[in-house]
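Trainee: Just passing along the structure, written as structure tokens.
No value in this document is a laboratory result; all are computed from the given coordinates. On a predicted model such as this, the values are computed, not experimentally measured, just so you know. Glycine gets a Cβ as well: all are built from the backbone with ideal geometry, and neighbour counts include every protein chain shown.
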Amino acid sequence: MMYNDEQENYYQRMLANSISSANPSEEAKARARKKSPLYFDDLKDKLLLEFEGKKLEDIDNSKVISTDLGDTLKITTKEKINFNLCDNDFKNQMNHNLKLLPSIGIKKEQALKNKGYVTIEALKNHDRYGDAASKFSERIDDMSFHEIMDLLDSNRYSRRCRDNLLKCISLTDCENFKFMDIETKGLSNVPVILIGVAEIKGNNIITSQYFLRDYPEECAVLDAYLSHLDEDSVHVTFNGKSFDVPFINNRCLYNRINANLDLPHLDLMHFAKNLWKDELPNCKLQTIEQEFFGIEREDDVPGQYIPGYYDTYLSENNIGPIVPIIEHNRQDIVSLAAFLEKMYEDVN
């Protein structure tokens, strides 16, 4: 195969961007170094020097708070946000989704619509589906948001029904969203060292982070987070269905804390893969930040290094290593609000 000069230059640039090439570019070298353990060892040393002599209370917007289960450190930030979910008349959309009734799939729905049964309301006069349509129509107005999400989540028909889980968020107040992320000492059977929750209040997004100053405070950290939840709350996470919420639940059980975490849950990782897998190189949280929102994190500490950084904070009595962990967690939960708004716009 013959290559012209333009193609040759393209392949040379591609090779230069790879650290495994014979002549990697300086950019490729810097990118590779930022992924190496040595880089994060050096960063930790730099943080220890920068924050030597500083105390936790020196962290901006931090204070020690009391909970029913002890004291813990709370870090609060507030910033402007224009979070707007346009009205999509979702209950009317549900009325046009015949697949929400038992035994109606994609083909049956189309056949019924071809016969003029375009809504569930219209099916109330159908010989076979009339009873189910009548019962659905009677209870739809009284269904809670939790019940509607359960109904949509259990529906096995079509990608569009999955998108309805995002569309239906117009039915709840945006102040009910709990954008949440945790940092831990490992993957299982270890303490939670930081819980962050972001909430929308008017034109602001307020983040509350609860930091484990030392291991005996874990009960207070968990209790502080649980104080944000009520029966109307909706968890919004990134991989939180598989990790964050089960992890918190297990730590509550370990610490003998009664917790009701059986709440509506929007795990944005799954929606990201469904919506954007063809637009992005991968659907990692920071890739979405970079590609869609232009967010480039500086000196961000990946999750695998957090336990070691926390150990150093304890052993050296130096807050330096946990400062970027707190910022990492804060950025995660604020980004979730931006992700959710964009996802809602995309499916509508």
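Trainee: Which net charge results for the neighbourhood of residue 175, defined as the other residues with beta-carbon distances under 13 angstrom from its beta-carbon, given Lys and Arg at +1 and Asp and Glu at -1? Spell out each step's value before the answer.
Mentor: Values: positive: 178, 201; negative: 173, 199, 230, 232.
Local charge sum for residue 175: -2.
Trainee: Assigning unit charges at the beta carbon (Lys, Arg +1; Asp, Glu -1) and nothing else, what dipole magnitude in debye, to the nearest 20, does the chain show about its Cα centre? Provide the component values of the computation, followed by the final result.
Mentor: Values: 42 positive and 59 negative charges, 273 e Å.
Its charge dipole is roughly 1320 debye.
Trainee: With θ taken as phi - 60° and the coefficients 6.51, -1.76 and 1.60, list the Karplus ³J(HN,Hα) couplings across segment 280-290 in order, rounded to whole Hz; mark glycine and proline as x.
Mentor: 10, x, 7, 10, 6, 4, 6, 5, 4, 4, 5
Trainee: Let me spell out the model: positive unit charges on the Cβ of Lys and Arg, negative unit charges on the Cβ of Asp and Glu, origin at the Cα centre of segment 90-171. What dipole size does that give, in debye rounded to 20? Don't skip to the answer; put the middle values down first.
Mentor: Working: 15 positive and 11 negative charges, 105 e Å.
Computed charge dipole of segment 90-171: roughly 500 debye.
Trainee: How big is Rg to Rh over segment 90-171, alpha-carbon atoms, Rh as the Kirkwood inverse-mean-distance radius?
Mentor: 0.94
Trainee: Can you sort 235, 126 from fewest to most other Cβ atoms within 10 Å of each residue's own Cβ?
Mentor: 126, 235
Trainee: A further question follows. For Rg/Rh (Cα atoms, Kirkwood Rh), pick the label among (1) 1.00; (2) 0.97; (3) 1.06 that corresponds to the value derived from the coordinates.
Mentor: Computing Rg/Rh (Cα atoms, Kirkwood Rh) and matching it to (1) 1.00; (2) 0.97; (3) 1.06 gives (3).
Trainee: With θ set to phi - 60° and the Karplus curve 6.51 cos²θ - 1.76 cosθ + 1.60, what are the ³J(HN,Hα) couplings of segment 52-66 in order, to the nearest whole Hz, using x for Gly and Pro?
Mentor: For segment 52-66, the Karplus curve yields 4, x, 7, 10, 4, 5, 7, 5, 3, 6, 10, 7, 7, 10, 9 Hz.
Trainee: May I ask you to sort 137, 242 by Cβ crowding, counting other Cβ atoms within 10 Å and putting the fewest first? Please list the in-between numbers first.
Mentor: Details: 137 15, 242 12.
Taking fewest neighbouring Cβ atoms as first place, the list is 242, 137.
Trainee: So what is the relative contact order of the chain, in percent, for Cα pairs below 8 Å that sit 6 or more residues apart?
Mentor: Details: 445 pairs, mean separation 69.0, N = 348.
Relative contact order comes out at 20 percent.
Trainee: Now a separate question. May I ask for the net charge around residue 249, where only other residues with Cβ less than 12 Å from the Cβ of residue 249 are counted and Lys, Arg are +1 while Asp, Glu are -1?
Mentor: Details: positive: 241, 251; negative: 244, 262.
The answer is 0.
Trainee: Within a 10 angstrom radius of the beta carbon, how do 57, 147 rank from fewest other beta carbons to most? Can you show the working numbers first?
Mentor: Working: 57 10, 147 13.
Lowest count first: 57, 147.
Trainee: Right, something else. When Lys and Arg each count +1 and Asp and Glu each count -1, what net charge do the other residues less than 15 Å away from residue 129, Cβ to Cβ, add up to?
Mentor: Its environment carries a net charge of +3.
Trainee: Considering only C-alpha atoms, what is the centroid distance from segment 308-330 to segment 256-285, in Å?
Mentor: Between the Cα centres of segment 308-330 and segment 256-285 lies a distance of 26 Å.
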